[in-house]
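A.B. asks: Structure provided below as C-alpha cells; questions to follow.
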Amino acid sequence: MTEPMTDRPAPITLPDVTYRGQRQSDGAGGALISVYDQDGELVGTVAHRAKHSPAGMNWGYAGSGAADCARSLLAHAIGDRHALCPVCQGTDTSGRCESCEAGLLIAPRIYQRFKFTFVAGWATVFTTTRREILGWLTSEFPDADWPGIQAAP
Ligand SMILES: [Zn+2]
C-alpha cells in the first residue's frame, strides 16, 4: 500500500491545539474531547474513529474505549489528510477495506503504544496538545509514513 520513500517531503506544520477530554461517568458513552485553538477558542471536537468500541471513546484504563480514544486522537493530531484512508475516506469500520486499519492509516502498534503510555493513565478530565502528541509520535515512530508533521511553535 505504501511506496518506498526515497525522498521525504518537507515538514508539514499544523497549528497547535489543546485537547480537553471530559467524561460523564465510567461508561464509554458521553466521553467528549474538545479542541481549542491557541487563543483558547473552542474550534471543534475529536471525531470518534470507531474500531474497538462502537459505544464511544474512554480513558483511564487500557480497554477498548481507550484504544479508540488513542486512534481518534492521533488521527486528529496528524490531520485527516494524513490519517484517513484514501480508498474508503475513513468510512470503513468493518475491516473490509484492505487499504487501511478500520478507516485510518495508523497501525495498531502505534495507537496501542499511545494508549498504554498516555490514555490508560488519564483521569476523568485530561488535557494534552497537538505539539505533545506529535513530539511523542515522531520520536517513537520516526519511520512512520508521516514523519515530518509538527505543531506550529
Ligand atoms: Zn480504507
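A.B. asks: Please note which helices (runs of 4 or more DSSP H) are completely contained in the stretch 73-141 and include at least 1 residues that are within 16 Å of the ligand (Cβ to nearest atom), surrounded by 15 or more Cβ atoms within 10 Å (Cβ to Cβ) and at pLDDT 90 or above. Give the steps one after another, and end with the answer.
C.D. replies: Details: elements: 80-83, 108-117, 130-140.
It comes to 80-83, 108-117.
A.B. asks: Cβ-Cβ under 6 Å, sequence separation 6+ or interchain: first residue in the stretch 69-89 and closer than 13 Å to GLY44 by Cβ and polar (S, T, N, Q), partner within 16 Å of the ligand (Cβ to nearest atom) and part of a loop (DSSP other than H, G, I, E, B). Which pairs?
C.D. replies: SER72/ARG49
A.B. asks: I'm told ALA70 meets every condition in (1) under 12 Å from ALA120 (Cα atoms); (2) within 14 Å of the ligand (Cβ to nearest atom); (3) aliphatic (A, V, I, L, M) except one. Can you identify the failing condition by its number?
C.D. replies: (2)
A.B. asks: What number of residues within the stretch 58-72 satisfy the criterion of being of a type in the set (S, T, N, Q) and not in a loop (DSSP other than H, G, I, E, B)?
C.D. replies: Of the residues in the stretch 58-72, 2 are of a type in the set (S, T, N, Q) and not in a loop (DSSP other than H, G, I, E, B).
A.B. asks: Could you tell me whether GLY56 is surrounded by 15 or more Cβ atoms within 10 Å (Cβ to Cβ), in contact with a Gly (Cβ under 7 Å, 6 or more places away or on another chain) and over 27 Å from ALA123 (Cβ atoms)?
C.D. replies: Numbers: surrounded by 15 or more Cβ atoms within 10 Å (Cβ to Cβ): yes; in contact with a Gly (Cβ under 7 Å, 6 or more places away or on another chain): yes; over 27 Å from ALA123 (Cβ atoms): no.
Judged against the criteria, GLY56 is not a match.
The values are calculated or read from the model by the stated rules, or taken from the named source; none is laboratory data. These figures come from a predicted structure and were not determined experimentally. When we count neighbours, we look across all protein chains shown, and the Cβ atoms used for this are built from the backbone with ideal geometry, even at glycine.
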